[in-house]
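Novice: For reference, the structure I am asking about is given below.
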Amino acid sequence: MDSRELTMTILAKLKDVNDHTGEFIAGLLSDDLSAAEQIAFAHRLVDVAELIRQRTTTPPIVVEGVVVDGSDARQTQRPGEG
């Protein structure tokens, strides 16, 4: 999964967590949340946390210039070079 797909997946999972947070809070306040419901909500949080952890280990893709045969093909030098 590339960085963009990972970001979009995280956003979708966060929306899902957000949608279920209200139900979770209501269940906590009314003290009628079953163990299975609590575990299901915790699993949603773990899924998001795992995706975020995965995203931190995925190198960002920055496209600048043109790559030809594995080398940067820019004609101008960067400041501080050569």
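Novice: Return the residues of the stretch 1-31 that are in contact with a helix residue (DSSP H, G or I) (Cβ under 9 Å, 6 or more places away or on another chain) and of a type outside the set (A, V, I, L, M, F, W, C); say none if nothing qualifies.
Specialist: Within the stretch 1-31, Ser3, Thr7, Thr9, Lys13, Asp16, His20, Thr21, Glu23, Gly27 qualify.
Novice: Exactly one condition in (1) in contact with an Asp or Glu (Cβ under 8 Å, 6 or more places away or on another chain); (2) at positive phi; (3) at pLDDT 90 or above is not met by Phe24; state its number.
Specialist: The single condition Phe24 does not satisfy is (2).
Novice: Could you list, in sequence order, the residues of the stretch 1-55 that are surrounded by 14 or more Cβ atoms within 10 Å (Cβ to Cβ) and acidic (Asp, Glu)?
Specialist: Those that are surrounded by 14 or more Cβ atoms within 10 Å (Cβ to Cβ) and acidic (Asp, Glu): Glu37, Asp47.
The values are calculated or read from the model by the stated rules, or taken from the named source; none is laboratory data. Since we're looking at a predicted model, the values are computed, not measured. Quick reminder, even Gly has a Cβ in these numbers, built from the backbone with ideal geometry, and neighbours come from all protein chains shown.
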